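Engineer: One structure, as structure tokens, below. Some questions next.
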Amino acid sequence: MTTPEEEFIVGLLRRAGTLLTGVRRDGLSWHTKSGPQDIVTEADTRAEELILGEIRRSYPLDSVLSEEDGLSRGTSDAVWVVDPLDGTKNFAAGSADFGVMISRQIGGRVQAAGIHLPAHGVLYSASAGAGARRNGEPFRLGAAPPLSQALVDFSTVAEDGGFMEEQLRLLRLLLERSRGVRAVGSAKMFADVFDGTLAAACSFAYRFWDVVAPALIVTEAGGRVRGLRGTPLNLFVSGARARGERVPAVFGAPGVVEEMVRAARDAGAA
């Protein structure tokens, strides 16, 4: 059974998806932020304006954290977390592997969430305690093979120093222990986990707005999410997270998630 918040999210995701596909069809402009790999497009800005405007009209007392706009504090205990265009580099390159993610939480507990991949025509949503849905129909994660027979996603980021070495050590172990490693680099990796194409997805490089919506959906679909260093995934909003602090995490079928956490430990990351 869906909740009003989930229904609101689904409707808003569809509107944002229509906007993004229209911008993609008509052409777009873009510029860099902190570096050549960190870009923002006209589509990011317009989708964010649409989503934040609707949230503030319908839930004016709630706080809102968005990738581009940052954290806007409200007076209620609820916080909306928005990624208006996940996979910006893919979008700018003409790839279909981009999406929109929206969630609402209270006290670090996610109440409702959704992920829409408009170019693939698929929308995933969930409410806490009420299961997960794919295009409105309930779904569950299927049984996953052991890591040795599994295809997994490991998304990396180019940063200097020990962080880069940490990523490379884990990548090498995953290449040795799994059937194969992919790096989708957008919300499409979560869709592939939900659909069973990938057994799990992990990264040291996720931002807070990347993990909140898929955390609820994968859990409600019978999967698991953990901090990649073996700790529970903390979904409380903080100032550091609003500024883009890294959130290492792994999502997938329970057994594979534990094997990937062990691989991270063996790589010296945990």
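Engineer: Of GLY131, GLY22, ILE51, which is farthest on the positive side of the dipole of the chain, counting Cα position, with +1 on Lys and Arg Cβ, -1 on Asp and Glu Cβ, and the Cα centre as origin?
Structural biologist: Working it through, the farthest residue towards the positive pole turns out to be GLY131.
Engineer: Could you run the Karplus curve 6.51 cos²θ - 1.76 cosθ + 1.60 with θ = phi - 60° over the stretch 8-19 and give me ³J(HN,Hα) per residue in whole Hz, x for Gly and Pro?
Structural biologist: Result, ordered by residue: 4, 4, 4, x, 5, 4, 5, 5, 5, x, 4, 4 Hz.
Engineer: Follow-up. List, largest first, the extents of the alpha carbons of the stretch 142-270 along their principal axes, each in whole Å.
Structural biologist: Taking the Cα atoms of the stretch 142-270, the three principal extents are 38, 32, 24 Å.
Engineer: Under a 1.4 Å probe, what is the accessible area of the chain per residue, stated in Å²?
Structural biologist: Accessible area per residue, the chain: 42 Å².
Engineer: Where the centre of each part is set by its Cα atoms, how far does the stretch 165-183 sit from the stretch 74-125, in angstrom?
Structural biologist: 27 Å
Engineer: Okay, moving on. Given a Förster distance of 35 Å, report the FRET efficiency between ARG57 and VAL157 from their Cβ-Cβ distance, rounded to the nearest 0.05.
Structural biologist: 0.50
Engineer: Still on this structure: Take ALA78, project a point 7 Å from its Cα along the Cβ direction, then tell me which residues of the stretch 91-129 have their backbone nitrogen under 20 Å from it.
Structural biologist: Only 101-116, 124-129 fall inside the zone, counting backbone N under 20 Å.
The values are calculated or read from the model by the stated rules, or taken from the named source; none is laboratory data. Just so it is clear, the model here is predicted, and its values are computed rather than measured. Virtual Cβ from ideal backbone geometry, glycine too; neighbours counted across all protein chains shown. Note: areas computed on protein heavy atoms with side chains; ligands, DNA, RNA excluded. Shrake-Rupley method; radii C 1.70, N 1.55, O 1.52, S 1.80 Å.
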